[in-house]
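Asks: Just dropping this structure here.
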């Protein structure tokens, strides 16, 4: 409406265009928590490429791309900027995550933005904070560069130890993910996955896999767990669907392989959360472990990465992986996240207070979001799900044809037909 007062515009920068579902979940939680505390602000998601490189993980809400460094002379024209997620890395590490050549990342000015809060040589916004930041699995060059003197909240103990100084430990906002996923949403997604044949019924162990897991003995440990419990099935998920990395799919030898299921490549964040809900979870990445803990699932971490990347409430299996899985299945106790939730609520309260109350006079990046990427992603998802359903129907039809052609069927069919005729005569 013409003449209506405009609230402050706050940019939220992160790796929201990489397809990593952990970053998608982080964006959801931060937007939800800030909107609840500060309904007066407008949140604009930013990423290096954003809508220029749409991915299924953006859920039809692509982030705004960063303009080229040469196109900016006075920052990003925002009232405030929040840098969030596993972003503390240099240009070469960012280039590996997409992947693109390093020159493309340098042209976007990513490293100065995430490590110093600068666009070129000027501050990106009047107020800049780093909230729930960490380093990706591959730190790369520049990852240890000191941040500016602005406010910094870190998401894991390893980042806090590396930065030191005035940094504050907030914990991972994914512990608040239960406020984003409703029970009805998870139930409906689980029903869809069962219809597609991707989520088996019964007792299941969910294994969240990441490329940097380094758990070479995980397959043998899963085989032992499947032998010990004939009713157990394993569902493998990844927070990088479509390209989960080396070691995918999970391999279990022999006939036990029939009890190992993988979520399809089109699976999104809701699908992963639905699979984790009500299951025991083995996680190999901090976002996977924290998401499972938020959903109230018993979880343990198996990792080759630094223990400090996991929150202290997440139990880490060290040594005998098979024994750790057995203990997880027997305990069935989710981590106690009460202290983590209180700490995060305090951090979000303080963050909301530090954001500006009035907009600056400079023009902002506010405006209608492009719809082309949203439509393309939604259409592709419908095509993928329809293809998966068609494939499942074809599989069931093939099994039915096989049963009809079997000797058992040829022997039993006349008996069954005679019994049905006898029943009809009785009635």
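The values are calculated or read from the model by the stated rules, or taken from the named source; none is laboratory data. Because the structure is a prediction, the values reported are computed rather than measured. Every residue, glycine among them, receives a Cβ derived from its backbone with ideal geometry; neighbour counts consider all protein chains shown.
Asks: Condition (residue is more than 16 Å from the chain's Cα centre (by Cα) and more than 23 Å from residue 161 (Cα to Cα)) applied to the stretch 280-294: is it met by at least one residue? Quick ask: steps written out before the conclusion?
Replies: Initial filter on the stretch 280-294 (more than 16 Å from the chain's Cα centre (by Cα)): 280.
Narrowing the set further to residues that are more than 23 Å from residue 161 (Cα to Cα) leaves 280.
Within the stretch 280-294, one or more residues are more than 16 Å from the chain's Cα centre (by Cα) and more than 23 Å from residue 161 (Cα to Cα).
Asks: Next up: Quick one: how many residues across the stretch 304-322 are at pLDDT 90 or above and over 23 Å from residue 227 (Cβ atoms)?
Replies: Total satisfying the criteria: 7.
Asks: Across the stretch 163-201, what is the number of residues that are within 30 Å of residue 130 (Cα to Cα) and out of contact with any helix residue (DSSP H, G or I) (no Cβ under 9 Å at 6 or more places or on another chain)? Steps first, answer last, please.
Replies: Going residue by residue through the stretch 163-201, those that are within 30 Å of residue 130 (Cα to Cα) are 163-182.
Right, trim to out of contact with any helix residue (DSSP H, G or I) (no Cβ under 9 Å at 6 or more places or on another chain) and you get 163-166, 182.
Matching residues across the stretch 163-201 total 5.
Asks: Test residue 257 against the criterion of being touching a strand residue (DSSP E or B) at 6+ places or on another chain (Cβ under 9 Å) and surrounded by fewer than 18 Cβ atoms within 10 Å (Cβ to Cβ), and give yes or no. Before the answer, list the steps.
Replies: Working: touching a strand residue (DSSP E or B) at 6+ places or on another chain (Cβ under 9 Å): no; surrounded by fewer than 18 Cβ atoms within 10 Å (Cβ to Cβ): yes.
Answer is no for this residue.
Asks: Shifting gears a bit: Could you go through the stretch 213-224 and let me know if any residue there is surrounded by 15 or more Cβ atoms within 10 Å (Cβ to Cβ) and either without any contact (Cβ under 8 Å) to a residue 12 or more places away in the chain or under 14 Å from the mean Cα position of the chain (by Cα) (or both).
Replies: no
Asks: Which of the numbered conditions does residue 209 fail, given that it passes all the others? Conditions: (1) more than 20 Å from residue 250 (Cβ to Cβ); (2) crowded, with 20+ Cβ neighbours inside 10 Å.
Replies: Of the numbered conditions (1) more than 20 Å from residue 250 (Cβ to Cβ); (2) crowded, with 20+ Cβ neighbours inside 10 Å, the odd one out for residue 209 is (1).
Asks: With the condition kept exactly as written, say whether any residue in the stretch 369-382 is touching a helix residue (DSSP H, G or I) at 6+ places or on another chain (Cβ under 9 Å), within 30 Å of residue 286 (Cα to Cα), surrounded by 14 or more Cβ atoms within 10 Å (Cβ to Cβ) and at pLDDT 90 or above.
Replies: no
Asks: Give me the residue from the stretch 263-279 that is under 13 Å from the mean Cα position of the chain (by Cα) and in a loop (DSSP other than H, G, I, E, B) and, out of that set, surrounded by the most Cβ atoms within 10 Å (Cβ to Cβ).
Replies: In this case the residue turns out to be 267.
This table checks each residue for (1) assigned to a loop (DSSP other than H, G, I, E, B); (2) more than 30 Å from residue 128 (Cβ to Cβ); (3) in contact with a strand residue (DSSP E or B) (Cβ under 7 Å, 6 or more places away or on another chain).
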| residue | (1), (2), (3) |
| --- | --- |
| 296 | yes, yes, no |
| 300 | no, yes, yes |
| 312 | yes, no, no |
| 325 | no, yes, yes |
| 340 | no, no, no |
| 345 | no, no, no |
| 350 | no, no, no |
| 353 | no, no, no |
| 358 | yes, no, no |
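Asks: Looking at (1) assigned to a loop (DSSP other than H, G, I, E, B); (2) in contact with a strand residue (DSSP E or B) (Cβ under 6 Å, 6 or more places away or on another chain), which one does residue 243 not meet, given that it meets all the others?
Replies: (2)
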